[in-house]
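The values are calculated or read from the model by the stated rules, or taken from the named source; none is laboratory data. Just so it is clear, the structure is predicted and the values come from calculations on it, not from any experiment. Using ideal geometry, Cβ is built from the backbone for each residue, glycine included, and neighbour counts are taken over all protein chains shown. Remember, those area values only see protein heavy atoms, side chains included, never the ligands or the DNA or RNA. Shrake-Rupley method; radii C 1.70, N 1.55, O 1.52, S 1.80 Å.
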Amino acid sequence: MEIERKYLVKQIPGNLGSFPCRIIEQGYLSTSPVIRIRKDNDLFELTYKSGGLMAREEVNLPLDQSSYTHLLEKIDGRLIRKRRYMIPLSGSLTAEVDIFEGSLAPLVLAEVEFPDEKLAMSFSPPDWFGEDVTFSGQYHNSHLSQS
């Protein structure tokens, strides 16, 4: 089960370059249900996500590069490219800050994953987070791939 909150970012931390960064590209074979392929640095995977906004089932399966390349030709919509910075927060949480590239630039989103819904609902975001868009499906990557 994936439990996460999602926020627009009103101010990117000035020391962003000091945090680990992953280069991600992902496309969607289906948006209902969500079936995604992703290249995350040098790792490849196929993901299924159930419906939902804050909490939903997620299953990841490894792919090899050849399978990823083959499936890439079959995506529906745009290929999303982004840089993901991993910024530690208090309470052993991490903000995954996605800086989108290409036609989705200058969009910047922060996601925080939680071990349970109670902690997710009691979370107080740092000042540099902007609007909470957790319950707006328009900021799901599957929706962004179609808009």
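Tabulated values for the structure
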| quantity | calculated |
| --- | --- |
| Charge dipole magnitude, Cβ of K and R +1, D and E -1 - the chain, Cα centre, debye nearest 20 | 300 |
| Rounded percent of accessible protein surface that carbon and sulfur make up, the chain, 1.4 Å probe | 51 |
| Relative packing of peptides 10-17, 63-70, 45-52 - highest average C-beta neighbours within 10 Å first | 45-52, 63-70, 10-17 |
| Unsatisfied cross-links (Cα-Cα over 18 Å) in the set 39/74; 6/49; 10/49 | 10/49 |
| Full-stretch length increase - residue 23, residue 67 - with 0.36 nm per residue and alpha-carbon distance subtracted | 13.9 nm |
| Radius of gyration, Dmax [segment 37-102; alpha carbons; angstrom] | 14.1, 41 |
| Hydrodynamic radius of segment 103-147 per Kirkwood, over alpha carbon pairs, in Å | 12.3 |
| C-alpha center-to-center spacing [segment 1-18, segment 31-103] in angstrom | 16 |
| Per residue value of the accessible surface for the chain (all protein chains in place, 1.4 Å probe), Å² | 53 |
| Equivalent ellipsoid semi-axes - Cα gyration tensor, segment 1-70, angstrom | 24, 19, 10 |
| Per-residue ³J(HN,Hα) for segment 74-87, Karplus 6.51 cos²θ - 1.76 cosθ + 1.60, θ = phi - 60°, Hz, x for Gly and Pro | 10, 5, 9, x, 7, 7, 8, 10, 7, 10, 10, 9, 9, 10 |
| Percent breakdown of C-alpha pair distances by 10 Å bin, ordered from the shortest bin, for the chain | 11, 40, 38, 10, 0 |
